[in-house]
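The block underneath contains the structure these notes are about, expressed in structure tokens.
The values are calculated or read from the model by the stated rules, or taken from the named source; none is laboratory data. Remember, it's a predicted structure, so these values are computed and weren't measured experimentally. We place every Cβ from the backbone using ideal geometry, glycine too, and count neighbours over all the protein chains shown. Heads up: the accessible areas ignore ligands, DNA and RNA and are worked out on the full protein's heavy atoms, side chains in. Shrake-Rupley method; radii C 1.70, N 1.55, O 1.52, S 1.80 Å.
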Amino acid sequence: MENIFRIIVCIKQVPGTTEIKINPETNTLVREGIETVINPFDTYAIEEGVRIKERMQQSGSEAEVTAITMGPAQSESILREAISLGADKAILLSDRAFAGADTWATALTLKNAVKKLEGWRLIILGKQTLDGDTGQVGPELAHMLNIPFIGYASSIEHISGQKITVKRLAEDRYETFEVRLPAAISVGKDINVPRVPSLRGKLKAKNETIPVLNIADLSMDEKDAGLSGSYTQVIKIFTPKHVYEVKMIEGSPDEQAEELFTKLKQLNIV
Ligand SMILES: Cc1cc2nc3c(=O)[nH]c(=O)nc-3n(C[C@H](O)[C@H](O)[C@H](O)COP(=O)(O)OP(=O)(O)OC[C@H]3O[C@@H](n4cnc5c(N)ncnc54)[C@H](O)[C@@H]3O)c2cc1C
């Protein structure tokens, strides 16, 4: 088998608008017919994958970036965007059976796809999505693949064919981890500045044939995918109403200060 350092980047299509609609039957987001974008953190994941590929190529090794998404047919558009940003290949995981997946079912579907790819050494994910926003898929996928996971990577200090050293920002300090490959990492906005698509990238994206894998291709059982394979279900999505009550404090400055202090104390603010 040729010695190519294969990098997989998981990307998700998310609503590009706050005008979201909920399917009243399944309580899942209506994703058809609304403006959609690549999940912002995933553009940093794509960029980091392409930078590692370039680093590998500069040191004489072959490397390749494959972007994967699980989503409806329309999410092919974000894969073409990933190719225009430097990914070499793309795979769409699409089947009605995948609809309504929670993070576990999403991770399991991605795991089955990754298992079909040979020679992959690193999986890069965004730290979280704009819509589900759980940050759970990365660690779940790594758990299912039984590989190390480093979340919130801020920089790749070193990478070779066998191991990776990652620095990440914790609460109030930086932590550095070195793990054996294969491994998975998630990235935030501080890891790089995503490039803009090149003309060559756009042309490649336009002409690329993107394979679509369905549930049979992934040798998955319907009971493990989508809504039926989900341990959690979103039962209601709503925008919390913020009730603002305005009360003018009367009296002399001292009386006003006194009353304000009393109120703040009652609210345990001071
Ligand atoms: C408002 C809302 C709330 C939700 N709450 C929950 C919940 O509490 N628990 C739950 O289990 N599910 C929940 N879901 C469903 C959840 O969004 C989906 O399971 C989703 O596919 C993955 O979860 P996430 O969006 O939180 O991803 P995250 O874990 O935040 O995503 C992290 C990274 O994983 C990768 N990734 C995520 N989804 C995909 C994909 N489809 N294809 C390829 N890569 C991907 C991307 O790199 C992404 O940056 C919610 C959905 C919505 C819309």
- Task: Tell me which residues, restricted to region 190-199, are within 22 Å of the chain's Cα centre (by Cα) and open to solvent by 60 Å² or more (accessible area, probe 1.4 Å).
- Result: D190, V193, R195, V196
- Message: Whether any residue in region 114-121 is surrounded by 18 or more Cβ atoms within 10 Å (Cβ to Cβ) and within 15 Å of the ligand (Cβ to nearest atom) is what I want to check.
- Response: yes
- Of all residues in region 154-168, how many are in contact (Cβ under 8 Å) with a residue 40 or more places away in the chain and buried (at least 18 other Cβ atoms within 10 Å of the Cβ)? 3
- Message: Within region 30-44, take every residue that is aliphatic (A, V, I, L, M) and closer than 15 Å to I11 by Cβ and give me the one that is farthest from the chain's Cα centre (by Cα).
- Response: V37
- Message: I'm checking my understanding of the structure. Among residues of region 51-69 that are touching a Leu at 6+ places or on another chain (Cβ under 8 Å) and part of a strand (DSSP E or B), which one is farthest from the ligand (Cβ to nearest atom)?
- Response: T66
- Item | Criterion (surrounded by 10 or more Cβ atoms within 10 Å (Cβ to Cβ), among the basic types (K, R) and without any contact (Cβ under 8 Å) to a residue 24 or more places away in the chain) met by exactly one of K263, K206, K202 | K263
- Does I83 satisfy the criteria of being within 24 Å of L218 (Cα to Cα) and assigned to a helix (DSSP H, G or I)? yes
- Kindly list, by first and then second residue, each pair from a residue in region 10-36 that is closer than 26 Å to K89 by Cβ to a residue that is modelled with pLDDT under 75 and more than 11 Å from the ligand (Cβ to nearest atom), limited to pairs with Cβ atoms under 9 Å and residues at least 6 apart or on different chains. T36/T17
- Item | Filtered residues of region 223-246 (kept if surrounded by 13 or more Cβ atoms within 10 Å (Cβ to Cβ) and away from the ligand (no atom under 11 Å from the Cβ)) | D224, A225, S228
- Message: Can you tell me how many residues within region 169-189 are surrounded by 13 or more Cβ atoms within 10 Å (Cβ to Cβ) and assigned to a loop (DSSP other than H, G, I, E, B)?
- Response: 4
- Task: State all residues of region 45-102 that are among the acidic types (D, E) and more than 17 Å from the chain's Cα centre (by Cα); if no residue qualifies, say none.
- Result: E54, E62, E64, D88, D95
- Query: Is it the case that A90 is open to solvent by less than 10 Å² (accessible area, probe 1.4 Å), at pLDDT 95 or above and outside any helix (DSSP H, G or I)?
  - Reply: yes
